[in-house]
Every structure is written in structure tokens, then in C-alpha cells.
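Each remark here refers to the structure printed beneath this line.
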Amino acid sequence: MVFLRSAGPDDPDAALWVFDRDSRTERRVAPGPIGSYAIDRDARVAAFARDGELFRADLIAGTVTAIPTAEAAYDPRPAPSGRDIGYVTDPGGSASLRVVGPDGDRLLAGEPGNAWREHGGAIAWGMPGAGAAAFGRTRGWWWSPESGQILAVRTAKATSLHLLDLDGGWVDAHWDRETYPYLAQVRWETGGPLITVLRRLQQHGLVLSVDPRTGETQVHAELADARWVEPVPGTPRHLPDGRVLVGGELAHDGFDARCLFADGSLLTPPGLYVRRVAGTLPRDGGPAGSPDLVVEGNLGDPAVREVFRVRTAVGGGGPEVTRIGGLTGQDGVVVGGDLLVAGGQVWCGEERVATLRSLAARLPYRPEPVLQRVTDRRLPAAVLYPTGHIAGSRLPVLVDLGAGPGHQRVRADAVAWQERQWWADAGFAVVSIDPRGTPGIAPSFEKAVHRRLADVLPADLADALHSLLGKHPDLDLGRVALRGHGLGGWLAATAVLRRPEVFHRAVARDPVLDWTDLPAPIAERYLGDRTDAADVYAHHSLRDAGSSPAVLLIGAELPGLPSRPAAGPADELAFLRAGA
């Protein structure tokens, strides 16, 4: 097992380490700073870059070698065979893909200096491309399992995908890019590549397999929703028996679930909300070609992101899911071979074979938020009191919104509450609420905000606050403040401007002032076509939402609202206290 670890709080530079299962020992392979790395199929070779210089680490011998390259190297990845290393140059401009190995350093794809005729922009190879982050896709190129090809994104006026042979040949991946412009997901682990492409408004998508010889594609599944399609991270992927695993939704016959399917057959029960597929593990006593899936999700309580094994073998009896006890998705689950790693725990089958040493500082707080479900919509909510709070003492309320819509705040995870405990100890009852639009409960709950976030979200927050008062009489709802950043900042400001009788003060850090300022994939997912829904966008804009001295903008300016170019927590606290 290969991992990064710093030497502790006083030395944050991460070094490259290896854990050997047989000897159950750890050893450092390369000193830091190392920001990221990639390994070959058998974890024998690692590649990383430091300030544009490429390094190859022999993970067996423990040696590290600087590899001369024609240009500064970024995003290096060894081939599955470990023989060659691919890398990207000039990631901020006309990015190119190069490969270095025993045969030298050669250009695989690049068009430096060329420009889009209509737009005057650079052409990039091997970069994720505009809009990729909105779908969780952070990569722009992938090795073939046999190490003889690279699948690469080309970004110009539009995004395209190409199969590049190391001997110089290449073919395009063919799909209707006019109809399906978004390349949401790409995976190439066995067989041919699998990709998910979406229409611009994301209400329809296709899961396609790509023939690595010709670039022709075949449809394996269609994804459709009247609001938007939400692909499951970790899918699509080939199962060892040839079936294609796809994430989708059940929205009929009383079901409202986010599930997994293999060639159309349901693998997960409707009660399991699937968040991510981490990988596969061999099944004890099962067929060699039918391993279990390792899935992150929740079964009942959205605050607890657990880890499950899901049977893939074909058989009767319906879906079979087993909870892996003691593990949560917050631990960062990684699967490879027959090992599962969650946080610092290393598991082989049902046995925990090691716990990696942690040199991290201890968490400063031991928060004890009170988690519950409120209102007839069963909104997840939590209240965090100051340390040593004495019941009967009324407290001003601070609603912590974080990054806003689409980001879960009510979680059974001590790390998530550290900053909020600081705010609580400053004299607030800190309240977190997951309104409609938050993942983890059901697709209908998540998508109920389509084209109406500015109305639904403040209403849910207000309803939840009044519902909490029954069990938390110390909440002073005459003094309610909000804080958030990005879309959370937009929501904080919107709530005060729209519902000043409920929400009395807000700090909005780097808020989204107008949804047209967001990347198109994010804005149109929630609000629809910018050209056909101008009234919807205007309704969600802060530019014409009114003025109030009770809303502080940090990192943004609007007439009628106080603003500062920068401010720290102490400045936020002073502003919020002024209204308490």
C-alpha cells in the first residue's frame, strides 16, 4: 500500500511511504514535498512531480530517480506495466501530452501555439476541460490496461476524446457531441473505455463503451430525469464477468432511491442510498469472476456515511448487501487487490491487519452536536451548544450553511464540527440544517429545488428552526444569524433579504451574486437554460434583491449592502454579535 504522510504539524510536507502487508512495516520511499502521485498496476513503480521535475520511485527497492524530460512535467502517471510514464506539460496554456521511457521522451499529442479561430483560445491535451469539475471529473487522460494506448481529452471550442497509440496512430471516440456536449465520467480499467455523456441541460445522458481500435461507441444505458441526471461516482465500470455497472435511480412503484445496476439488473436494495463505488474485493467462497462491490452510502440515517459490500454474483434472492462494521465513508475508503483502507485502518478480508501511524495533531474540540430529523419533511438538523452550556440560558442562533446547496452539513463526524464548536464557544447555539437539495436522502428530496432554490431553501431553514424550538427551548429565534461561503453565502444573503422576520443577520463570504456567473453545468443543472429562463435567473440574483445593513459581503460588493474585501473570523464575529 502506497500513501502520503507528513512528519507532523511542524513539518507539513508530505513524503511518499509504503506499507508492506507481509512484514506489516512502514518505510519512507521519497521525502516531501509531494502533492500527489500515481502508481502502476502492481504498485511497483510510482511517479510524481516536484516543481515540474519528474521522479520515478521504485517501490520495491526503495530508490528514487529523477527522469530528464523535454519540458516541465505535471500530472505524471506510470503505465500499468510500469515501463513508461506519461505526463502533461504547460497545464495552464496549450497543454500537451508526452511519454518518457526507455525509448526516450516523445510528444504524443499537442498543438502549442494553435488557437480556436472563433475564440482565440489555447488548445489543450490531457486536461479535464471546462465544466469537468462540475461532474467530479478531475482527470484528462488515462492509460489503457495493456499500456499501449492513452485515452486523452482534447479541449478547444468543445471537448473531444481520442485514443492515442504509443507508436503514433490514433482514432477519435465517436459520439454525437452536439447533442451530448458534456463528458461527465471516464473509466478504463479492463476491456474498453466506458464514458458517460450528458446533454447540455443534463436531463438525459448515455453510458457508452468505446472500441479502443476504432473509437466507435455502443450504448449500454440511458440516464434520464425531468430535472437533472446525477451520475454515481465510481461508475460506470466493467465487472469481471463483462457486465457494465451503472448508477441510476428508481422512481416508480413507490420507490425513490439511488441504486446500482449491472446490465439492467438491480444490485442494491432501494433502502440503500448509494453515494460512491470505491472498488471491488474478492468474495470468500464466491466465484473468482464475481467479486463484491465496496460501496459508500447510507442505510436509513443520512448523517452516517457507511461502507457496504454488495454481491455482484448472479443468483436468486435479490440484492445482497453487508455492512462493513466500524467503517464510514468519511474515512476515505480506498480498495485495491484484496486490501481495503479506510483512514488509517488496513483490512484484508474480515481482518484488520494494521493501523497506520498518525502524526496529526489531536482535534482541539470534542463537539457533541444533537442530531435529529425535523418538520414533516424529516429534514436532518443538528444543534451544537457552547462547551459547558447550562440549560435555561437563552442563546442567539447561528445557522451554519457552509458551501450551501448540494453540500451536506449534518454529519456524524467529529472533524466536521471543529470549526462550528469554535463559533458555539463564542456564544452561539450553532444550528446546521440540510434542506431539500441536499444529497443523502432520496433523489426527489435532492431535486425538489429545481428552478426554485430561492424559495424552497429559506422556507426549509425557517420551518426547521421553529421545529427545533420544541426540544431546544434555549434557542432565541429573535436573534438568528447565518453565515456561508460561495453558494452558501448566496443563501445566507438571500434568506435575510427575503425573510427578514426570521433571519436577522448574515455574513456571506465570496458569495455568488448572480447565477449567470457560475459555470454553465452548475447553473443550468439547478435553474435550466440561461436563455429560456431569464426570469428564473433574475429571481435568484442578489443584484436586484434589495438592500440591508444586516448583510455583510466579504470578497464581493453590491449597492445597499455593507462589504469588505477581506475579513477574518474575528471580524465576522463582531458583525454577527452587533445584531445579537
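When both residues are 6+ apart or on different chains and their Cβ atoms are under 7 Å apart, which pairs have a first residue that lies in region 518-532 and is more than 16 Å from G205 (Cβ to Cβ), and a second that is part of a loop (DSSP other than H, G, I, E, B) and open to solvent by 50 Å² or more (accessible area, probe 1.4 Å)? Matching pairs, first to second residue: A523/R530; L527/R451; G528/L201; G528/R451; D529/L201. Within region 168-176, none of the residues are under 25 Å from V335 (Cβ atoms) and either surrounded by fewer than 20 Cβ atoms within 10 Å (Cβ to Cβ) or among the β-branched types (V, I, T) (or both). For region 345-356, a residue qualifies if it is on the phi < 0 side of the Ramachandran plot and either touching a helix residue (DSSP H, G or I) at 6+ places or on another chain (Cβ under 6 Å) or modelled with pLDDT under 85 (or both), and the qualifying residues are E350, E351. If I filter region 481-526 down to residues being of a type in the set (K, R) and farther than 19 Å from P396 by Cβ, which single residue comes out as least open to solvent (accessible area, probe 1.4 Å)? Per the criteria, the residue is R525.
For every residue, the table says whether it meets (1) in contact with a strand residue (DSSP E or B) (Cβ under 8 Å, 6 or more places away or on another chain); (2) open to solvent by less than 70 Å² (accessible area, probe 1.4 Å); (3) modelled with pLDDT of 90 or more.
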residue: N298; (1), (2), (3): yes, yes, yes
residue: P302; (1), (2), (3): yes, yes, yes
residue: I324; (1), (2), (3): yes, yes, no
residue: L340; (1), (2), (3): yes, yes, yes
residue: S358; (1), (2), (3): no, no, no
residue: Y365; (1), (2), (3): no, yes, yes
residue: P369; (1), (2), (3): yes, yes, yes
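Taken over region 182-199, the criterion of being over 20 Å from A79 (Cα atoms) and not in a strand (DSSP E or B) is satisfied by R199 alone. Checked against the criteria, V335 counts as of a type in the set (A, V, I, L, M), in contact with a Ser or Thr (Cβ under 9 Å, 6 or more places away or on another chain), surrounded by 12 or more Cβ atoms within 10 Å (Cβ to Cβ) and modelled with pLDDT of 90 or more. Please find, within region 365-408, the residue that is nearest to W422 (Cα to Cα) out of those that are outside any strand (DSSP E or B) and among the basic types (K, R). The qualifying residue nearest to W422 (Cα to Cα) is R366. Does region 79-88 contain at least one residue that is in contact with a Phe, Trp or Tyr (Cβ under 9 Å, 6 or more places away or on another chain), within 19 Å of G168 (Cα to Cα), hydrophobic (A, V, I, L, M, F, W, C) and modelled with pLDDT of 95 or more? Yes, the conditions are met somewhere in region 79-88. So for region 536-546 (the condition being open to solvent by less than 60 Å² (accessible area, probe 1.4 Å), more than 24 Å from L201 (Cβ to Cβ) and part of a strand (DSSP E or B)), does at least one residue qualify? Checked region 536-546: no residue is open to solvent by less than 60 Å² (accessible area, probe 1.4 Å), more than 24 Å from L201 (Cβ to Cβ) and part of a strand (DSSP E or B). If you go through region 463-475 and keep only what is of a type in the set (A, V, I, L, M, F, W, C) and surrounded by fewer than 19 Cβ atoms within 10 Å (Cβ to Cβ), you end up with just L469.
G316: within 20 Å of the chain's Cα centre (by Cα), modelled with pLDDT under 90 and surrounded by fewer than 22 Cβ atoms within 10 Å (Cβ to Cβ), yes or no?
Here the answer is no, as G316 does not meet what is asked.
Applying the criterion of being open to solvent by less than 40 Å² (accessible area, probe 1.4 Å) and within 24 Å of G297 (Cα to Cα) to the residues of region 214-232, the residue that is modelled with the lowest pLDDT is P231.
Which of the strands (runs of 3 or more DSSP E) contained wholly in region 14-128 include at least 3 residues that are free of Cβ contacts under 8 Å to residues at least 40 places away in the same chain, surrounded by fewer than 19 Cβ atoms within 10 Å (Cβ to Cβ) and β-branched (V, I, T)?
The qualifying strands (runs of 3 or more DSSP E) are 63-67.
Filter region 548-568 for residues that are of a type outside the set (A, V, I, L, M, F, W, C) and part of a strand (DSSP E or B) and give the result.
Those that are of a type outside the set (A, V, I, L, M, F, W, C) and part of a strand (DSSP E or B): S563, R564.
Restricting attention to region 145-158 and to residues that are open to solvent by less than 20 Å² (accessible area, probe 1.4 Å) and either in contact with a strand residue (DSSP E or B) (Cβ under 7 Å, 6 or more places away or on another chain) or among the aliphatic types (A, V, I, L, M) (or both), the residue that is nearest to V197 (Cα to Cα) turns out to be V153. Checked against (1) out of contact with any His (no Cβ under 8 Å at 6 or more places or on another chain); (2) modelled with pLDDT of 95 or more, V383 meets all criteria but (1).
Could you tell me whether any residue of region 402-421 is among the basic types (K, R), over 26 Å from S541 (Cα atoms) and buried (at least 19 other Cβ atoms within 10 Å of the Cβ)? Yes: region 402-421 contains one or more residues that are among the basic types (K, R), over 26 Å from S541 (Cα atoms) and buried (at least 19 other Cβ atoms within 10 Å of the Cβ).
Just one residue in the set T387, T375 is over 28 Å from T438 (Cα atoms), touching a helix residue (DSSP H, G or I) at 6+ places or on another chain (Cβ under 8 Å), in contact (Cβ under 8 Å) with a residue 24 or more places away in the chain and not aliphatic (A, V, I, L, M); that residue is T387.
Got at least one residue in region 166-181 being touching a Phe, Trp or Tyr at 6+ places or on another chain (Cβ under 9 Å) and part of a strand (DSSP E or B)? Scanning region 166-181 turns up no residue that is touching a Phe, Trp or Tyr at 6+ places or on another chain (Cβ under 9 Å) and part of a strand (DSSP E or B).
Of everything in region 473-508 that is without any contact (Cβ under 8 Å) to a residue 60 or more places away in the chain and either assigned to a strand (DSSP E or B) or basic (K, R) (or both), the residue that is farthest from D463 (Cα to Cα) is A508.
Candidates are the residues of region 241-264 that are open to solvent by less than 70 Å² (accessible area, probe 1.4 Å) and modelled with pLDDT under 90; the one that is farthest from G440 (Cα to Cα) is G242.
Applying the criterion of being farther than 13 Å from T179 by Cβ and touching a strand residue (DSSP E or B) at 6+ places or on another chain (Cβ under 6 Å) to the residues of region 199-213, the residue that is most open to solvent (accessible area, probe 1.4 Å) is P212. For region 397-419, does any single residue satisfy the condition of being over 25 Å from the mean Cα position of the chain (by Cα) and either closer than 27 Å to G8 by Cβ or without any contact (Cβ under 8 Å) to a residue 40 or more places away in the chain (or both)? Checked region 397-419: no residue is over 25 Å from the mean Cα position of the chain (by Cα) and either closer than 27 Å to G8 by Cβ or without any contact (Cβ under 8 Å) to a residue 40 or more places away in the chain (or both).
The values are calculated or read from the model by the stated rules, or taken from the named source; none is laboratory data. All values reported here derive from a predicted model rather than from experimental measurement. Backbone-built Cβ (ideal geometry, glycine too); neighbour counts: all protein chains shown. For accessibility, only protein heavy atoms count, side chains too; no ligands or nucleic acids. Shrake-Rupley method; radii C 1.70, N 1.55, O 1.52, S 1.80 Å.
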